[in-house]
Each structure stands twice: as C-alpha cells, then as structure tokens.
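Notes follow once the structure below has been shown.
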Amino acid sequence: MIRIAAASIRSRIVPTILVMIALTTSMALLLAVDRIQDATKRGFNQSLSGVDLVLGPRGSGIELILYTVFHLGKPTNNITTETLKDIESNPLIEWAIPIALGDSHRGFRVISTTAKYFDHIQFGGDQSLTFEAGRPFSALNDVVIGSAVADELDYSVGSSIFVTHGSEALGKVHDDFAFKVSGILNPTGTPTDQAIFVSLEGYELIHLGWTNGSQAVSLKNLDVSQIPKERLYPKTITAAYLGLSSKLNLFKVSRSINEYAEEPVNAVIPGVALAELWSMLGSIDIVFRIFNWLIIAISLIGMVTMTLTGLDSRTREMTILRALGATPANLASMVLIETAIVSITAVLLAIGLVRLLTWGAADFLSHWAGVRIDLTWINFSELSTLMTIVLAGLCASLIPAVMVYRRSLARGFSH
Amino acid sequence: MILKTSALAHTFKSGRHIQFPDFEVNAGEKIAVVGASGSGKSTLLNLITGVLPLQTGSIQLTEFTYHRLGARDLDTVRADHIGVIFQSLNLIPYLTALENAQLGLQFSTRRRSRVSDAQRVISELAIQLGLSADLLGQKPSELSIGQQQRVAAIRALIGKPELIIADEPTSALDPHATQLFMDQLSSSIDPETQAVIVVSHNPSIIPLFDRVISIGDDQ
Amino acid sequence: MQTTFAYEATEEDFIRWENAWDRLIPQGTYDFVPKDFGYELLFNPTFQSQLDAAGKVIDPSLEGTTIELAGFMVPIEVKGDKVSQFLLVPEAGQCIHVPPPPMNQTLLVDTTSSPTELRDLYQPVIVSGRLSVVTQSFEIADSGYSLVDVTVTTLDLGEDAIPIAPGADGDR
C-alpha cells in the first residue's frame, strides 16, 4: 500500500513539493525561534554571576544591565566616583568594582575598571575568569583582552594597541599612547570574550587632553610616569558592580542606594532586570508565536486542499481499486498514508532545516552578544510538537479520506 | 457452480424497474451478456460484483450467498473470486504495467497465497495473452489500447479467481483484434475452475461464446 | 533597516576624512599648547578654559567650500523614517563620557531638500556638501558649521578596511 501511495504522490510531485515547503519551513521556523530564544535567554542569564547589585545613574534598570554586561546599547549618563566612595562605605557592601565605558578598539568595547574585576566577576553560575596567558593589568599601559578579541585580531601577550575614542571602529584614535596586552582571558561564551579591559587610570590618562571634546594635546612627549596615580583617578564612571557580604541584605542596600540624596543613582539587581526584559519580550513573543502557528495551520490546510482537489481526478483510480476488492477503508487509508508520508517527510526536513538555522544563528549570536547556542538535532519536547502537527495533519486529512470512503461506496460500473 | 442468480431485480430511485433472467455459470463456460444501451447491463454487473446492494432475488458466487453477507465480506469475496476488466481506463496511470497487474493480488490473501512468484506468473500470462514481456515495465500511457486491455486481463486472471467479468473489453478494438483478444482470453482461463462473463453490444463476437444471456426489453 | 548602498572605505579615504575634520579647525588654534609640558598643565583650569575657547573657533574662510567627511549622525528632525536635519560628529557614543565634540568638530547638516534614511546612531556615514558658517544652539551640542547641498552615503567599515597605525599591532 505504501508503495502505491508513494507512486501516487510522485505523480503529483509539484503541488506536493510546494505544500511540503510550506509545512517544512513553518515548522522549522517555530522550532528554530524557540531554540534561539531559549539559548539566548540562558546565555544572557549566565553571562554575569557573583554580582549582587549594579550601581548606575538613575534610569532604566534593563538598559543599565544591557550596556554594562552585554555591551548592548550605550550609557546615557555617568555617576561620580565620589558617590561611589560614599555608597561603598556601607558595611553591608563587601566589594565594589567601578567600570567606565565609552571607547572601543576595532569595534570591540573597551571597559576601564580595576584589577579586582578579574577576582570578583564570574559567569555561568560560579565560574571565575581565568587567564589563558599573561596576567591582569598592573602598569598604566596594560590591557587585558577577551579570547574572541585575541582570536579575531590575532593578538598575543605583548601586542600593542591604540584605543579609539568613541564606541565604534570609526573615530579619533588615541594614537599618542600605546597600550600593551598584558593578559588574555580564557573563553567564557559570554560578552567578556569580546571585551578589552583597561585600568581606570590608563583610561583617564588618554582623555586628559580632551577637555573640550577633541584631542587638543598629544601625550607623546609627556613623561607619564611622573603623574601621581591619584591624579589619574576618574571623577566620573559609568557604573559599578557591587558584592554584598550577605545576600539577605539585598533589598536593604538597594533601597538605601535608590534613596541616596546626593546624586540620582539606581541599584539594579541583574537577575531582576533580565527577568523584566524577558517578560517584556514575552508579550511580543506571544504575538509572533500565534502568527507562526497560523502559518502552520495554513500549510496543513494547503495540504488538505491539495488532497481534496486531487480526489476528483482520482475517482477512476478509486473505481478500479474498488473493483479489485479494496474496501472503502482501504481507499481512505490510502489517502491517510499519503498525508502521513508528506507530513513525516516535512518533519524530517524541518529537523534538518532547524539545525541549519540554529547553526547560522549561533555564529551571529556569539558575535553580537557573546552568547553560545546549544546545537542538538532534536529534543523530546520539540519532537512532540512536531508529532502533534503531524497528527493534526492526519486528522485534517480525514476529511478527504471520509469523502473517498463515501464516494467509493457508490462506485460501480456505468455506461 | 460458479455463479447462480435467481429472481434478480432492481428498482432505481427514479422508479425504473429492471427484471433480470435467472442464469447459472459453471466452470469452463464462456457467457456473453448482450443488450441494448441502457438495458441494465451495468446494473447487472454491479449486482454480480457486489458493488450494488441486493434489493430482491439472490446471487450465489461459489459458496457465498450475497444477501447474507455484509459489505465488508462482499469486498473480500470480490477480491478473492472475481477479476474485472473494464471497457476502458483499466490501469492506474502512475504505476507500471507490471505493478498494475500485481494489483490483482493486492486485496486478496487467497489469491496471493496461490502465487509464489508473481513476476513469473505475470510473464507467463503475458505470453498467453500475446503481450510482449518487455512492455511490462512501461507506464499505461506508453501502451496501445489493446496492450492495456491485456494488462487488465492479466490483473483479472492472476491468482485464478473463479469468475472473470469483462465489460465491453473490445469496444475500442477492430474486429480482427477483437477476435484475437477474445481467443487469447478464453484460452487463458482454467476450464476446471474459472469462467468468463463478457458483456457486449457487439453481435459479431457471439459465436465465440457457449451461451448468450439477453438483457432488456427483448428478453 | 539599511537598503541603501554602502561605500567600502579604503585606507586613503580614512586619511582624507581625518584631514577634513582637521581642516575645520583654523590653523594655529592650538598653537598655545606648548611642545613640552609637565602633566600639571593638563589639570590647570586656565589651560582647560583655553582649550574650551579653542573648541569654539570657526574658520569663516571655509564658507562655500565643499568638503567630505565620515562621521556619525545625530538626528534632529525626523519625519517618518527620513531625516531632514542632523548633526554630524566624529565619534559615536556622544555626550556620556568626556564632553561632547567642540563646536568646530560638529556640523549641522541640512537634508530638507532630499531627506536621508534614518540610520542607526552607530552607523558611520559619509557626508559631502557645501560648508556654511552659522551659529545655532541645540540641546545636545553647539554647532558652528553647517552643510548644504548634501549627499549622504552609508559607510561600510569592512573587516580589513580599518588601517593599522604604525607602531601598533592593531587599530587605526
């Protein structure tokens, strides 16, 4: 029977292929988007660990997390280091790591911070930042780079780089002061891989002559070793990561920060901000999903329509089979088998297509947001979703099957 | 006894009523059923093949009595014991001649069990019917009418169902081809176990048959 | 979404554009900066106010000349998805770290006659047109130069396009 069904499909191969394309792509889309979303969420959620609060200028908490942790979007304001010092004095805060953003190097973000960054900042739940080569910065011109930066730009410990003013690869270069790579971090699968770390003092130094917003002075002839370190401590920073002595004090500390009178600042709980982000995106997601399922439904309808319209031209075929002793149930099951072949083939193709799509997306996502995607062929819940669709298709094709059943009952000889 | 009818009649929804003569067909017999167009030949065939439900009268095919059987059983009986050759469009266009011939076994376990090597049997039947074996791999569209009818005949004959029914099988053939086809068909059946009923409105083939049954006003 | 053609820059282009930005600053504006200086100078408030003033110096003789620059778009007037007025600045990520570019490194670009696509704030563009000297104040930054009869092209910073400065393993 299957052989006959297959031959039958082959005789109507063109409309069948069109229907299959619709089915395959709509199913693949559903699954791929699901996977990418899942992986993105997971990737984002574990990009930063060990940080209890992020201190930043008053504004959107989500934005703050996005630009500090993920280098997505740009900061719109600064906070003063004086405020940080004040807030840090709270005994409930164990450590504070200031960060300043703004410059870049060949498209990669430059983050200025203290060497303590590498001790306290973790990712993936509980993993610490480790060095593949070299060490954290200690000298003024030291720079630490993420693994992706080292790979893409082919840098090693000792490579010298100039930093660009501004956050894109086009901009005035601070070519009057060369930095040297002192360390390269091991890959983390997070945005850290695409970051370049410089000391607060080094960052401040290269901006010394920039008080009017442009490079007025060259540091080339200046003996920078003469400058006392304290003079190079920045007056403003973008944000600061805070670690508390006990997580139980989380709300207490964040409250006191949010109420700080001297400057408009915010304390954001990274996990909360991300959760808000996902819930915000969730409502857009629902709409998208509805559309996706609609497309799948339409594809199934297309398949049933194709079968239905094919029935008229197959009445002769049905008569012959009836005369040969086929029961109405035989004929109906032929229709169902054909549907099953088309749907199951579409499912298999969809699985392959999903793999392709996620593989393509993985590359993009790891570049854009430093997030890694899990690449498997298929998991259980995806398979059950696909099987549900196949079942729906079979149920839908019961309509033409029943019609065949009814019609064939009356067939016979005629003159 | 292969087929026996008694007091067969049918009333259509339109009110038209046809009465059929009683007849009996035994192994080895070749029966011609003649009648004008619209005289009820198709109805008779539909009744004999069990496609049309029996309203009144009785039909017995070998050991099976039709009115005692449900639709499902009738389908089985048809599959097992009857081979049909239509007037035209006998073959499924997307299957090869060989695959079409094999369809004769598709729905009958009984006939399947009698054929251990379908390909060989089909080749033998092809020779008997004067069909060249290398045509078996072709699709129906590549065969002539006469060749198509012969493939249909193989399909009807394979597995030796008791009753072969041919509905105007030669209406598209010229007189010489008609004669040839009927001869070949007749010599292909097993005189011990099989019989042939041919429906026709062509008087020239009558001499080939043992008996003639007339349907219609001129009964 | 970008649908317009993007120009792929060459090393010569980058040098040319850098020189163009420099040309906006009148010769001798920064002459007051001594060749050799101690770091203290950089923290000196008088020096800093001198720098401020230097940033505002415009060259009126540039009036009517044509110029081509690469920079970033800060939209001021947007209708739908087309921009009819924007500020062109040399770096992206303005106004958050380090003061915004000085008046003589910012251009008010007028595209009212042929509005251009609204691009991502961090998408570099090439702008060419005729210079005009005018003074106007905006929330984000003061501008001194304005540009008319403008063509705007998207700049494609190809991977290898960014030339490497001598003495460095990387970066322009």
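The values are calculated or read from the model by the stated rules, or taken from the named source; none is laboratory data. Because the structure is a prediction, the values reported are computed rather than measured. Ideal geometry is used to build each Cβ from the backbone, glycine not excepted, and the neighbour counts take in all protein chains shown.
Please count how many residues of segment C:137-150 are in contact with a Leu (Cβ under 8 Å, 6 or more places away or on another chain) and either at pLDDT 60 or above or of a type in the set (A, V, I, L, M, F, W, C) (or both).
6
Out of (1) modelled with pLDDT under 85; (2) of a type in the set (A, V, I, L, M, F, W, C); (3) closer than 23 Å to residue A:210 by Cα, what's the single condition that is false for residue C:107?
Here residue C:107 clears every test but (1).
Given (1) of a type in the set (Asp, Glu); (2) touching a residue at least 60 places away in the same chain (Cβ under 8 Å); (3) more than 13 Å from every other protein chain (Cβ to nearest Cβ), identify the lone condition not met by residue A:338.
Here residue A:338 meets the rest and fails (3).
Restrict the check to segment B:67-83 and report whether at least one residue is closer than 22 Å to residue B:146 by Cα and out of contact with any helix residue (DSSP H, G or I) (no Cβ under 6 Å at 6 or more places or on another chain). Walk me through it before giving the result.
Step one: filter segment B:67-83 for residues closer than 22 Å to residue B:146 by Cα, giving B:82-83.
When the remaining residues are screened for being out of contact with any helix residue (DSSP H, G or I) (no Cβ under 6 Å at 6 or more places or on another chain), the result is B:82.
Checked against the condition, which is being closer than 22 Å to residue B:146 by Cα and out of contact with any helix residue (DSSP H, G or I) (no Cβ under 6 Å at 6 or more places or on another chain), segment B:67-83 yields at least one hit.
Just one of A:345, A:319, A:309, A:305 is in a helix (DSSP H, G or I), touching a helix residue (DSSP H, G or I) at 6+ places or on another chain (Cβ under 7 Å) and either within 27 Å of residue B:52 (Cβ to Cβ) or not aromatic (Phe, Trp, Tyr) (or both); which is it? Even if it seems obvious, please write down each step before you answer.
Working: A:319 fails: touching a helix residue (DSSP H, G or I) at 6+ places or on another chain (Cβ under 7 Å); A:309 fails: touching a helix residue (DSSP H, G or I) at 6+ places or on another chain (Cβ under 7 Å); A:305 fails: touching a helix residue (DSSP H, G or I) at 6+ places or on another chain (Cβ under 7 Å).
After applying the criteria, what remains is A:345.
I'd like to check which helices (runs of 4 or more DSSP H) are fully inside segment B:26-132 and have at least 2 residues that are modelled with pLDDT of 90 or more and basic (Lys, Arg).
Per the criteria, B:109-114.
Could you tell me which residue of segment A:100-117 is nearest to the chain's Cα centre (by Cα), considering only residues that are within 12 Å of another protein chain (Cβ to nearest Cβ) and basic (Lys, Arg)?
Restricting to residues being within 12 Å of another protein chain (Cβ to nearest Cβ) and basic (Lys, Arg), the top hit is A:109.
Go through (1) over 24 Å from the mean Cα position of the chain (by Cα); (2) buried (at least 19 other Cβ atoms within 10 Å of the Cβ) and name the single condition residue A:51 misses.
Going through (1) over 24 Å from the mean Cα position of the chain (by Cα); (2) buried (at least 19 other Cβ atoms within 10 Å of the Cβ) one by one, residue A:51 breaks only (1).
Which of the residues spanning segment C:60-102 are within 9 Å of chain A (Cβ to nearest Cβ) and at pLDDT below 85?
C:91, C:92, C:93, C:94, C:95, C:96, C:97, C:98, C:99, C:100, C:101, C:102 - these are the residues of segment C:60-102 that are within 9 Å of chain A (Cβ to nearest Cβ) and at pLDDT below 85.
Quick one: which residue in A:73, A:56 is farther than 23 Å from residue A:310 by Cα, outside any helix (DSSP H, G or I) and without any contact (Cβ under 8 Å) to a residue 12 or more places away in the chain?
A:73
Could you check segment A:211-231 and list, in sequence order, the residues that are in a helix (DSSP H, G or I) and at the interface with chain C (Cβ under 9 Å from one of its Cβ atoms)?
Passing the criteria: A:224, A:226, A:231.
Residue check: is residue A:55 over 22 Å from residue A:249 (Cβ atoms) and in contact with a helix residue (DSSP H, G or I) (Cβ under 7 Å, 6 or more places away or on another chain)?
no
So how many residues does segment A:298-349 have that are closer than 16 Å to residue A:20 by Cβ and either surrounded by 20 or more Cβ atoms within 10 Å (Cβ to Cβ) or among the hydrophobic types (A, V, I, L, M, F, W, C) (or both)?
Counting residues in segment A:298-349 that are closer than 16 Å to residue A:20 by Cβ and either surrounded by 20 or more Cβ atoms within 10 Å (Cβ to Cβ) or among the hydrophobic types (A, V, I, L, M, F, W, C) (or both) gives 20.
Here are some residues: B:203, B:207, B:169, B:161. Which one is closer than 24 Å to residue B:37 by Cα and surrounded by 21 or more Cβ atoms within 10 Å (Cβ to Cβ)?
B:169
Of the residues in segment A:118-172, how many are assigned to a loop (DSSP other than H, G, I, E, B), hydroxyl-bearing (Ser, Thr, Tyr) and within 14 Å of another protein chain (Cβ to nearest Cβ)?
As a first pass, look at segment A:118-172 and keep what is assigned to a loop (DSSP other than H, G, I, E, B): A:121, A:124-126, A:129-130, A:135-141, A:146, A:154-159, A:162-163, A:165-172.
Next cut, hydroxyl-bearing (Ser, Thr, Tyr) only: A:130, A:138, A:155-156, A:159, A:167.
Subsequent filtering for residues that are within 14 Å of another protein chain (Cβ to nearest Cβ) retains A:155-156, A:159, A:167.
Result for segment A:118-172: 4.
Restricting to segment B:136-151, name every residue that is in contact (Cβ under 8 Å) with a residue 12 or more places away in the chain and either within 14 Å of another protein chain (Cβ to nearest Cβ) or under 25 Å from residue A:5 (Cβ atoms) (or both). Don't jump to the end; show me each part of the working.
Filtering segment B:136-151 for residues in contact (Cβ under 8 Å) with a residue 12 or more places away in the chain gives B:136-141, B:143, B:145-151.
Result: B:136, B:137, B:138, B:139, B:140, B:141, B:143, B:148, B:149, B:151.
Quick one: is residue C:35 within 10 Å of chain A (Cβ to nearest Cβ) and either closer than 28 Å to residue A:238 by Cα or touching a Leu at 6+ places or on another chain (Cβ under 6 Å) (or both)?
Spelling it out, it is not the case that residue C:35 is within 10 Å of chain A (Cβ to nearest Cβ) and either closer than 28 Å to residue A:238 by Cα or touching a Leu at 6+ places or on another chain (Cβ under 6 Å) (or both).
For a quick check of your reading of the model, give me the residue pairs whose first member lies in segment A:225-244 and is touching a residue at least 40 places away in the same chain (Cβ under 8 Å), whose second is small (Gly, Ala, Ser), with beta-carbon atoms closer than 6 Å and at least 6 apart or on different chains.
Sorted first by the residue in segment A:225-244, then by its partner, the pairs are A:237/A:100; A:238/A:100; A:239/A:56; A:240/A:96; A:242/A:96.
Would it be correct to say that residue A:188 is touching a strand residue (DSSP E or B) at 6+ places or on another chain (Cβ under 7 Å), part of a loop (DSSP other than H, G, I, E, B) and either crowded, with 24+ Cβ neighbours inside 10 Å or more than 7 Å from chain C (Cβ to nearest Cβ) (or both)?
On the way: touching a strand residue (DSSP E or B) at 6+ places or on another chain (Cβ under 7 Å): yes; part of a loop (DSSP other than H, G, I, E, B): yes; either crowded, with 24+ Cβ neighbours inside 10 Å or more than 7 Å from chain C (Cβ to nearest Cβ) (or both): yes.
Considered against the rule, which asks whether it is touching a strand residue (DSSP E or B) at 6+ places or on another chain (Cβ under 7 Å), part of a loop (DSSP other than H, G, I, E, B) and either crowded, with 24+ Cβ neighbours inside 10 Å or more than 7 Å from chain C (Cβ to nearest Cβ) (or both), residue A:188 comes out as yes.
Would you mind telling me which numbered condition in (1) among the polar types (S, T, N, Q); (2) surrounded by fewer than 23 Cβ atoms within 10 Å (Cβ to Cβ); (3) farther than 25 Å from residue A:135 by Cα residue A:167 fails?
So the condition that residue A:167 fails would be (2).
From the list A:360, A:325, which one is assigned by TED's automatic domain parsing to the domain that holds residue A:10 and over 30 Å from residue A:168 (Cβ atoms)?
After ruling out the rest, the residue left standing is A:325.
For residue A:182, indicate whether it is in a helix (DSSP H, G or I), hydroxyl-bearing (Ser, Thr, Tyr), more than 9 Å from chain C (Cβ to nearest Cβ) and over 14 Å from residue A:110 (Cβ atoms).
no
If residue C:22 satisfies every condition in (1) more than 9 Å from chain A (Cβ to nearest Cβ); (2) within 24 Å of residue C:108 (Cβ to Cβ); (3) touching a residue at least 24 places away in the same chain (Cβ under 8 Å) but one, which is the exception?
The one condition residue C:22 does not meet is (3).
Give me the pairs, please: first residue somewhere in segment A:304-330 and facing another protein chain (nearest Cβ under 10 Å), second residue anywhere and β-branched (Val, Ile, Thr), beta-carbon distance under 6 Å, and either six or more positions apart or on two chains.
Partner pairs satisfying both residue conditions: A:317/B:92; A:323/B:84.
Which members of segment B:70-123 meet the condition of being aromatic (Phe, Trp, Tyr) and at the interface with chain A (Cβ under 7 Å from one of its Cβ atoms)? Outline the logic, then answer.
Going through segment B:70-123, the residues aromatic (Phe, Trp, Tyr) turn out to be B:86, B:94, B:107.
Matches in segment B:70-123: B:94, B:107.
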